[in-house]
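The values are calculated or read from the model by the stated rules, or taken from the named source; none is laboratory data. Note that the structure is a prediction, hence the values are computed from the model and not measured. A quick note on method: Cβ atoms are made from the backbone with ideal geometry, for glycine too, and the neighbour counts reach across all protein chains shown. Ligands, DNA and RNA are excluded from the accessible area calculation, which covers all protein heavy atoms including side chains. Shrake-Rupley method; radii C 1.70, N 1.55, O 1.52, S 1.80 Å.
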Amino acid sequence: MKRTIVIGAGLGGISVAYELREKLPKEHEVLLIGEGKEFHFIPSNPWVALGERTREQVVLNLEPYLAKYNVPFDSSGVANINAKENQLTNGQGEILTYDYLVICSGPKLAFETIEGIGPDDGFTQSICTVAHAEKAYDAYLSLLENPGPVLVGAVQGASCFGPAYEYILSLESLLRKHKIRDRIPMTFVTSEPYVGHMGLGGVGDSKSLMEHEFRERGIKWICNAKVAKFEENVAHIEELDRKGLIEFSHELPFKMAMFLPPFKGSPAIAQVPDLCNPKGFVLTNEFQQSNAYHNIFAAGVCVAIPPLEQTPVPVGAPKTGFMIESMTTAIVENILSIERQEEMHTRPTLNAICLADMGDKGAAFVALPQNPPRNTNWTSMGKWVHVAKIAFEKYFLYKVKHGTSEPIYEKYLLGAVGIERVKKEES
């Protein structure tokens, strides 16, 4: 009996496991390995951090759903991978053999890279996990009781900027509803060369739109920002010029701060010889296949994607939800091709679609493909984005509960506007 092991029970891992189970023969085992028994819908974390969602609304116990759809589940995590022997060791010390390995492990949050950052040992909040978002909600409640300056942003090396924009704009909207916005100065601090860059070199007119939105809401911003350190209630920020030299030094007071950290690869993945780049992200070819091990594939945040351009402060490239699903579908099709003894021919489109809620409205960013030059390149704002973000949350949780990788309405709705997951070409 053949076995494919999928590492990671997040958005990418769930998608690829369900799709493999649907398309591979029944006698081919698809084993999913995660850390813990729960699925966390990470895009809803900004809502959790502001009390708009509870943990119970965005977290699912995976075991009954995976059992229902015949996907064996190991919640002990991965301790070690012996890629040359096609084996891995799970968190309980058990050695498992695989024919194919699909890595969707997500990132390690590299709080250790900056002094004073993080909700555990530092002075800032995070929304990268549900547990962090719950701590951020406590900080938000304290802010309502004792108003003061707020800092929000993404530090040097961060590769995910949308949640920071989403958080600060949603927070600002709530503070107006509580009628204490006038007592809370707000500043957005980002490693991006300009607001709306998003790690994508901008999307449509995102720069002008985000600057306008910040001006309308009275939010100041600092770009090309390199965080030196955080102390209790004070952020030490170096603002660089276009040459990468320090132009200004800031000491910014804060009552509450939320900063997205840099990402690194998962330690168990990063230590595999020749699999990853120096930061621990998996090096893949155009088919999402490892350059070093041809029976290993990878999708999602764990994949090495080079920055789109050189910037004064390092800025990573994001991996959005639809892009991750594009990768997982390509992996499934390419594993099927190998099983049929055919050449691989399916490549992910890597289209970037981001829906950012702002409380009273939202912003949609569409870059097709992610890297310029693009066939489609636009940003739009309106109340419809707020509704669309809610719909996406409900639809993905539906997918997890019903064992489907692509509901029919997603396939035809996105296809109708020219957004496809993969492109198939003869090699």
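Data table
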quantity: Listing of strands (runs of 3 or more DSSP E) fully contained in segment 200-310 that carry 2 or more residues being small (Gly, Ala, Ser) and over 20 Å from the mean Cα position of the chain (by Cα); calculated: 225-231
quantity: Residue list for segment 174-190, filter: within 24 Å of Pro318 (Cα to Cα) and either open to solvent by 10 Å² or more (accessible area, probe 1.4 Å) or in contact with a Pro (Cβ under 7 Å, 6 or more places away or on another chain) (or both); calculated: Thr187
quantity: Single residue of Glu63, Glu27 found to be more than 17 Å from the chain's Cα centre (by Cα) and farther than 23 Å from His294 by Cα; calculated: Glu63
quantity: Conditions (1) part of a loop (DSSP other than H, G, I, E, B); (2) among the hydrophobic types (A, V, I, L, M, F, W, C); (3) open to solvent by less than 20 Å² (accessible area, probe 1.4 Å); (4) farther than 30 Å from Ile246 by Cα: number failed by Val313; calculated: (4)
quantity: Residues of segment 56-66 satisfying the condition of being part of a helix (DSSP H, G or I) and either within 22 Å of Gly77 (Cβ to Cβ) or open to solvent by less than 10 Å² (accessible area, probe 1.4 Å) (or both); calculated: Val58, Leu62, Glu63, Pro64, Tyr65, Leu66
quantity: Scan of segment 253-279 for residues that are open to solvent by 50 Å² or more (accessible area, probe 1.4 Å), touching a residue at least 40 places away in the same chain (Cβ under 8 Å) and under 28 Å from Ile168 (Cβ atoms), ordered by number; calculated: Pro253, Lys255, Lys264
quantity: Every residue from segment 237-252 that is among the small types (Gly, Ala, Ser) and without any contact (Cβ under 8 Å) to a residue 60 or more places away in the chain; calculated: Ser249
quantity: Tabulated pairs, segment 280-303, first closer than 10 Å to Ile335 by Cα, second open to solvent by 10 Å² or more (accessible area, probe 1.4 Å) and not in a loop (DSSP other than H, G, I, E, B), C-beta under 6 angstrom, 6+ apart or interchain; calculated: Asn295/Tyr100; Phe297/Gln289
quantity: Test: residue in segment 161-173 that is in contact with a Leu (Cβ under 8 Å, 6 or more places away or on another chain), within 24 Å of Lys279 (Cβ to Cβ), crowded, with 24+ Cβ neighbours inside 10 Å and of a type in the set (Phe, Trp, Tyr); calculated: yes
quantity: Complete set of residues in segment 306-345 that are within 20 Å of Arg374 (Cα to Cα) and in contact with a helix residue (DSSP H, G or I) (Cβ under 9 Å, 6 or more places away or on another chain); calculated: Pro318, Lys319, Thr320, Gly321, Phe322, Met323, Ile324, Glu325, Met327
quantity: Strands (runs of 3 or more DSSP E) contained entirely in segment 359-427, each with at least 2 residues that are open to solvent by less than 90 Å² (accessible area, probe 1.4 Å) and either at pLDDT 85 or above or in contact with a Gly (Cβ under 7 Å, 6 or more places away or on another chain) (or both); calculated: 362-368, 376-382
